[in-house]
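Engineer: Handing you this structure, nothing more for now.
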Amino acid sequence: MRDGPTLNRPVPIPPAPGQESVWDYPRPAICEPTQSLLEVVLGGRTIARTCRGFRVLETSHPPSYYFPPEDVETGVLVPAGGGSICEWKGQAAYFDVVAGDVRVPRGAWSYPRPTAPFRPMAGYVTFYPAPMEACFVDGERVVPQEGGFYGGWITSKVAGPFKGGPGTRFW
């Protein structure tokens, strides 16, 4: 019997025409501007909408999308306290997301003072797609990245497999 984690090697799914493979994304992670239409729906209404976002790309992860704070409806983000540290982006701040009588604890986060490579997206906000009513990229409803820890947005434009599900912890 072996001690420690089992390192199963993922087999990348070849991307179809028009797709990107998350296995071609870099490590360490990068951020890049996107003009894609990004939308988040909660409590029966669109609470965030932009064409001025950033996407963060990292090997084995679907993109996570960040919204300029002025493109998030006023009052829906309530500081949640606590935080976490990303080895690439720095210290994260969390928010409860509130829309009408719906409250999603720690459903969004931001990097108020990110590391140098991520400074362009300082203060931008991203949402975990799973607890939201819906999230969209260019009108396509996203599938949440598995596992609950990561906040990737899976669309038909990305090929996996994706980190986050059972057995992927040590990818």
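Engineer: Of the numbered conditions (1) free of Cβ contacts under 8 Å to residues at least 24 places away in the same chain; (2) in contact with a His (Cβ under 7 Å, 6 or more places away or on another chain), Gln91 fails exactly one; give the number of that condition.
Structural biologist: Condition (2) is where Gln91 drops out.
Engineer: Residues of the range 156-171 being of a type outside the set (Gly, Ala, Ser) and free of Cβ contacts under 8 Å to residues at least 60 places away in the same chain, which ones?
Structural biologist: Filtering the range 156-171 for residues of a type outside the set (Gly, Ala, Ser) gives 157-158, 161-163, 166, 168-171.
Scanning the range 156-171 gives a single hit, Pro166.
This table checks each residue for (1) within 13 Å of the chain's Cα centre (by Cα); (2) more than 30 Å from Gly44 (Cβ to Cβ); (3) among the hydroxyl-bearing types (Ser, Thr, Tyr); (4) buried (at least 19 other Cβ atoms within 10 Å of the Cβ).
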residue: Pro79; (1), (2), (3), (4): no, no, no, no
residue: Ala99; (1), (2), (3), (4): no, no, no, yes
residue: Gln145; (1), (2), (3), (4): yes, no, no, yes
residue: Gly151; (1), (2), (3), (4): yes, no, no, yes
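Engineer: Got a number for residues in the range 17-26 being part of a loop (DSSP other than H, G, I, E, B) and more than 16 Å from the chain's Cα centre (by Cα)?
Structural biologist: Residues of the range 17-26 part of a loop (DSSP other than H, G, I, E, B): 17-19, 25-26.
Checking which are more than 16 Å from the chain's Cα centre (by Cα) leaves us with 17-19.
The qualifying residues number 3.
Engineer: From the list Ala159, Ala122, Ala130, which residue is among the hydrophobic types (A, V, I, L, M, F, W, C) and closer than 21 Å to Tyr25 by Cα?
Structural biologist: Numbers: Ala122 fails: closer than 21 Å to Tyr25 by Cα; Ala130 fails: closer than 21 Å to Tyr25 by Cα.
Just a single option satisfies the conditions, and that option is Ala159.
Engineer: So, in the range 31-69, of the ones that are touching a helix residue (DSSP H, G or I) at 6+ places or on another chain (Cβ under 7 Å) and assigned to a strand (DSSP E or B), which residue ends up surrounded by the most Cβ atoms within 10 Å (Cβ to Cβ)? Full working, then the answer.
Structural biologist: Kept after step one, since they are touching a helix residue (DSSP H, G or I) at 6+ places or on another chain (Cβ under 7 Å), are these residues of the range 31-69: 31, 48-50, 52, 54, 59-62, 66.
With the extra rule that they be assigned to a strand (DSSP E or B), the set shrinks to 31, 48-50, 54, 61-62, 66.
On the way: Cys31: 24, Ala48: 26, Arg49: 16, Thr50: 21, Phe54: 22, His61: 23, Pro62: 30, Tyr66: 28.
So, considering only residues that are touching a helix residue (DSSP H, G or I) at 6+ places or on another chain (Cβ under 7 Å) and assigned to a strand (DSSP E or B), the one surrounded by the most Cβ atoms within 10 Å (Cβ to Cβ) is Pro62.
Engineer: Additional query: Show the residue pairs meeting these rules: Cβ distance below 7 Å; 6+ apart or different chains; first residue within the range 120-137 and touching a residue at least 60 places away in the same chain (Cβ under 8 Å) and more than 13 Å from Ala108 (Cα to Cα); second residue β-branched (Val, Ile, Thr) and crowded, with 17+ Cβ neighbours inside 10 Å.
Structural biologist: Glu133/Val41; Ala134/Val41; Phe136/Val142; Val137/Thr155
Engineer: In addition: Output the number of the condition that Phe170 fails; it satisfies all remaining conditions of (1) more than 17 Å from Arg49 (Cβ to Cβ); (2) part of a loop (DSSP other than H, G, I, E, B); (3) of a type outside the set (Val, Ile, Thr); (4) within 16 Å of the chain's Cα centre (by Cα).
Structural biologist: (4)
Engineer: For Ser84, all conditions in the list (1) at pLDDT 95 or above; (2) under 16 Å from the mean Cα position of the chain (by Cα); (3) of a type outside the set (Val, Ile, Thr) hold save one; what is the number of the exception?
Structural biologist: (1)
Here's the yes/no breakdown for (1) closer than 19 Å to Tyr66 by Cα; (2) touching a Lys or Arg at 6+ places or on another chain (Cβ under 8 Å); (3) polar (S, T, N, Q):
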| position | (1), (2), (3) |
| --- | --- |
| Met121 | yes, no, no |
| Tyr124 | yes, no, no |
| Pro129 | yes, no, no |
| Ala134 | yes, yes, no |
| Arg141 | yes, no, no |
| Pro161 | no, no, no |
| Thr168 | no, no, yes |
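Engineer: Do the conditions hold for Tyr94, that is, is it in contact with a Leu (Cβ under 7 Å, 6 or more places away or on another chain) and either among the charged types (D, E, K, R) or assigned to a strand (DSSP E or B) (or both)? Walk me through how you get there before you give the answer.
Structural biologist: Values: in contact with a Leu (Cβ under 7 Å, 6 or more places away or on another chain): no; either among the charged types (D, E, K, R) or assigned to a strand (DSSP E or B) (or both): yes.
Considered against the rule, which asks whether it is in contact with a Leu (Cβ under 7 Å, 6 or more places away or on another chain) and either among the charged types (D, E, K, R) or assigned to a strand (DSSP E or B) (or both), Tyr94 comes out as no.
Engineer: Could you tell me which of the residues Pro14, Pro105 is in a loop (DSSP other than H, G, I, E, B), out of contact with any helix residue (DSSP H, G or I) (no Cβ under 6 Å at 6 or more places or on another chain) and within 26 Å of Lys163 (Cα to Cα)? Spell out how you get there, then give the answer.
Structural biologist: Values: Pro105 fails: in a loop (DSSP other than H, G, I, E, B).
Answer to the selection: Pro14.
The values are calculated or read from the model by the stated rules, or taken from the named source; none is laboratory data. Computed from a predicted model, the values in this text were never measured in an experiment. With ideal geometry, Cβ positions are generated from the backbone for all residues, glycine too; neighbour counts draw on all protein chains shown.
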